[in-house]
Amino acid sequence: MQNFWKLFYRIFVLPVLWGGFHFLGLFHSKIRQGLRGRKGLLSRARIFREAIQEKPLILFHCASMGELEALYPLAEILNAKGITIGVVHFSPSAENGANRTDRFAFYDYSPGDTCYSVRNFLRFLKPTALVISKHDVWPNLVWHCERKGNPVFLINANFPPKSKRFWPVVRSFQRAVMSSLRAVLAVSSEDAKRARRITPENVPIHIGGDSRYDRVAQRTVEAASEIGMTRSDLANRVVLIAGSTHLDDENNLLPAIAALVKRFPDLLCFLVPHEPSQAAIDRIRQSCERIRLDFRLYTQLQKDDFGQVVCVDKMGILAALYGLGDLAYVGGGFGKGVHSVLEPMIYGLPVLTGPNIEVSHEARLAHQQEILQIANDAVQVEKWMEAFLTDEHVRHRVGEKARGFVDERLGASERTANLLLKELDLP
């Protein structure tokens, strides 16, 4: 069955997929950036391999910046043991992130999933093993690694209950890909059980946890230097940090804030759009003006003049901003799915989001433990915020549960590193 799916993918799926990327690249700058970034990849891989000669190389693969960040603690552990680490990423969002760190000896875009690109990339780079983070499993990359004898591991693996990977025909294709893995490290026992539905019995599935918890804990130590203020600068304000928001989030959140500031004049919201483009900033500014909220831009803040809504027009500081907060709203829940809820939880903040949390394992668990709450409209957003603004003791109690939730799940990076070293027979 695997041979059938290989032919089907290579003859029918891949030409449409790769042709679609090139067509959409004519209209979307982000896709165009990714296509340009892959030019010269094979040459860069060959030069790097010549530089390190015959040293073993563990190559990580991730989709975007979020998955890349989760690899930092794991890379540090392996670096400390003298292992050479490389990383390739699919999305342009991870390009600058990889360039900002010295954790990876090689960092670049992943090859296009054509037989030519993958085969030559592996021939030039000669990785000892490929380690895929979370979900970005490209079939040809996996199949060619298996053919060359390079073991492939899937770590931080999350299998949401309603994932399309479990659809009948898709499930058969997924098994054809997953059968080429050396091992799967799922984030929980529930995900491990779901993984078995698309993973043959000969592929071991371990419960490894999620290294993102370790990275979130790291960020709390690094965060102080990323923003130009401390909690004492906001001593008289109750602070809501609204992270990674989209239009649907803002349409439900801003009216609730407008209603609440009349009763709680000390309420202050730092609103961080998922993509802080000029269009997003203008959208938020206009919404605030329409409902008479006092709007400020983060990069233009004056001391002691924060207004009521501060729109954050600077990249890369959201995790640090959560350290200023009393409450958190995480965006995406009114759209395709909630963004990461771990960053506010490590700071001990109660968290609210929209109803779409199925894509996030930690969001589902936190909701079950009444740390994270769901709102379906602006009225429910307002009621949730009002409850915590009214009762500070409840706010602190839920916040302590949130911090404990993260603390008890630390250590996945160490477990994953130990398993990789054992499987690869490395010191």
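Before moving on, here are some points about what is shown:
- Breaking point among (1) of a type outside the set (D, E, K, R); (2) within 21 Å of A319 (Cβ to Cβ); (3) assigned by TED's automatic domain parsing to the domain that holds L247, for Q369: (2)
Conditions (1) in a helix (DSSP H, G or I); (2) modelled with pLDDT of 95 or more; (3) touching an Asp or Glu at 6+ places or on another chain (Cβ under 8 Å), marked per residue:
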site	(1), (2), (3)
G243	no, yes, yes
D248	yes, yes, no
A258	yes, yes, no
L271	no, yes, yes
I284	yes, yes, yes
S287	yes, yes, yes
K314	no, no, no
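- Residues of segment 136-165 that turn out to be surrounded by fewer than 20 Cβ atoms within 10 Å (Cβ to Cβ), in contact (Cβ under 8 Å) with a residue 60 or more places away in the chain and touching a Lys or Arg at 6+ places or on another chain (Cβ under 9 Å), as a count: 4
- Residue in segment 359-370 that is within 25 Å of A75 (Cα to Cα), modelled with pLDDT of 95 or more and under 18 Å from the mean Cα position of the chain (by Cα) present: no
- Among (1) aliphatic (A, V, I, L, M); (2) within 30 Å of Q308 (Cβ to Cβ); (3) part of a helix (DSSP H, G or I), the one test that V170 misses: (2)
- Residues within segment 366-382 that are under 17 Å from K401 (Cβ atoms) and surrounded by fewer than 18 Cβ atoms within 10 Å (Cβ to Cβ), tallied: 4
- Selection from segment 296-319 of residues that are surrounded by fewer than 19 Cβ atoms within 10 Å (Cβ to Cβ) and in contact with a Gly (Cβ under 9 Å, 6 or more places away or on another chain): L301, G316
- Each residue in segment 386-404 was checked for being hydrophobic (A, V, I, L, M, F, W, C) and either within 15 Å of G243 (Cβ to Cβ) or within 21 Å of the chain's Cα centre (by Cα) (or both), and 1 of them qualify.
- Only residues that are within 16 Å of Y109 (Cβ to Cβ) and not hydroxyl-bearing (S, T, Y) were counted across segment 63-95, and they come to 13.
Condition check ((1) under 22 Å from S340 (Cβ atoms); (2) touching a residue at least 60 places away in the same chain (Cβ under 8 Å); (3) not assigned by TED's automatic domain parsing to the domain that holds V341) across all residues:
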{"residue": "A45", "(1), (2), (3)": "no, yes, yes"}
{"residue": "A51", "(1), (2), (3)": "no, no, yes"}
{"residue": "F60", "(1), (2), (3)": "yes, yes, yes"}
{"residue": "N96", "(1), (2), (3)": "yes, no, yes"}
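The values are calculated or read from the model by the stated rules, or taken from the named source; none is laboratory data. Quantities reported herein were computed from a predicted structural model and do not represent experimental measurements. Because the Cβ atoms are built from the backbone with ideal geometry, glycine has one as well, and the counts that use them run over all protein chains shown.
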